[in-house]
């Protein structure tokens, strides 16, 4: 059983390394696109954030009626763990909750 | 022993709070509620406070905790005699999270056992659309809480699909109020955003006593453009197998979500459990149970929700009973450090 646990943990770490490498490449290309039009990029990220909120958080509960930006940071950090959000989802949802 | 553990945890949390920068304001969130339930001739009341503490620490670390402080008030002899109360406090999770990268969070401490979706995602009193948990959700969660470590995250996340995973190991703990079982398990889910559908599977192996395996599958469907939510689970273990499925439809299409009628949400839940064999301490019904339930939730302003439901519980080798439940919940959220709205 211990060998099984070690193998599972090793596979997850290995998978993560590969996924992070691909994700970093994607992030660099999306950053270079958004630099060409900052205001459009902000609007797009808020719209995307709303979609990501609805898809990840809104599946279980309603959004809070009021939330300040400093509360939003802690809430999104909490939701990153609870809802298994990626770092990109975390940033987009934060922009949606605290634009 | 428990007092020393709680004192140490309190000191750690206070230290973390003080160390947190303004940009990492700790928050106190959670829910409070008052519930009443009548099963047959027995009526009982439950005042509940379930605070959630979240303390970010730097860019990578997070301490989070939830407790459940609950009273249970009932008549002395079930349906007769004076009312008497007992109060219980449960530490549901107290965990340290490290966001290693975009796709991996490492957690240590006490956490909600990730089996299916009920225990982790909708057991909070202000989220659950009914005031109690389906009976079969005791399968695979080993008392609800695990003490150990956990790896979790989104293995793949893009616009077309998300693959999320959780794997954990829990150690045996006999410390009063912090009990847990020695288990190993995990959950894998695939979410398709375009149709709002998630399906997944869970596994747990108990590494003590009867060393039994538990398997489960779950489903969550929230179609875009419709205020509809459907969730369900099926699970199997040595004790038996069972399922629950529930749906809720918020009437927000009639005048908007803030209109008088748009705040109403009819809900339905069906659950069944089929006992295979008696296993000591499995927290499951001792015999077959079936229970259809209908309810109405009403979302008032200021994060207050009223709920009422009626169910009929069919129990093998026993008398069927009506189950009436009424409750009110309040969801709160505020920062723990003084400061402006920024």
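For segment A:38-99, the share of alpha carbon pairs falling in successive 10 Å distance bins from zero is 24, 60, 15, 1 percent. Within 10 Å of the Cβ of each residue in A:55-67, the mean number of Cβ atoms contributed by other protein chains is 6.
Going by how many other beta carbons lie within 10 Å of each one, how would you line up B:243, B:310, B:83, fewest first? Kindly include the intermediate steps, with their values, before the conclusion.
Numbers: B:243 18, B:310 14, B:83 11.
Ordered from fewest to most neighbouring Cβ atoms within 10 Å, B:243, B:310, B:83 come out as B:83, B:310, B:243.
Of all the options B:50, B:135, B:100, the one that moves most in a Gaussian network model of chain B with Cα springs shorter than 10 angstrom is B:100.
Let's test the formula: R0 of 41 Å, r as the Cβ-Cβ distance of residue B:322 and residue B:59. What FRET efficiency results, to the nearest 0.05?
Details: r = 53 Å, r/R0 = 1.29.
So the FRET efficiency works out to roughly 0.20.
Ordered by the number of other Cβ atoms lying within 10 Å of each residue's own Cβ, fewest first, A:77, B:182 fall into the sequence B:182, A:77.
Counting partner chain Cβ atoms within 10 Å of every residue's Cβ in B:154-162, what's the average? All intermediate terms of the calculation are to be shown ahead of the outcome.
Numbers: counts 10, 7, 5, 10, 4, 4, 0, 0, 7.
Taking all residues of B:154-162 together, the mean is 5.
Starting from the Cα-Cα distance between residue B:337 and residue B:201, subtract it from 0.36 nm times their residue separation and give me the gain in nm to one decimal. Present the calculation step by step, with values, prior to reporting the outcome.
Numbers: separation 136, 0.36 × 136 = 48.96 nm, distance 4.03 nm.
Between residue B:337 and residue B:201, full extension yields 44.9 nm more.
Largest mean-square fluctuation among B:303, B:293, B:198, in a Gaussian network model of chain B whose springs join Cα atoms under 10 Å apart, belongs to B:303.
If you take the Cα Rg of segment B:28-335 and divide it by 2.2 N^0.38 Å, with N the number of residues, what do you get? Don't skip to the answer; put the middle values down first.
On the way: Rg = 19.8 Å, N = 308, 2.2 N^0.38 = 19.4 Å.
Normalised by 2.2 N^0.38 Å, the Cα Rg of segment B:28-335 equals 1.02.
Summing -39500 (n - 2.57) over the DSSP H runs of n ≥ 4 in chain B and dividing by its residue number, what mean residue ellipticity at 222 nm do you reach, to the nearest 500 deg cm²/dmol?
Details: 1 runs with 18 residues, N = 342.
Calculated at 222 nm, the ellipticity per residue is -2000 deg cm²/dmol.
Legend: ranking of residues B:48, B:55, B:162 from fewest to most surrounding C-beta atoms inside 10 Å; resulting order B:48, B:162, B:55.
Considering only B:150, B:136, B:212, give the residue with the highest GNM mean-square fluctuation for chain B, with springs between Cα atoms whenever their separation is below 10 Å. Greatest mean-square fluctuation among the candidates belongs to B:212.
So if we plug the beta-carbon distance of residue B:298 and residue B:161 into 1/(1 + (r/R0)^6) with R0 = 30 Å, what FRET efficiency do we get, rounded to 0.05? Before the final figure, lay out the partial values.
Values: r = 35 Å, r/R0 = 1.18.
E between residue B:298 and residue B:161, to the nearest 0.05, is 0.25.
Any read-out appearing in this document is the output of simple, stated calculations on the displayed coordinates, not a laboratory observation. This is a predicted model, so every value here is computed, not measured. FYI the Cβ positions are ideal-geometry reconstructions off the backbone, even for glycines, and counts take in every protein chain you see.
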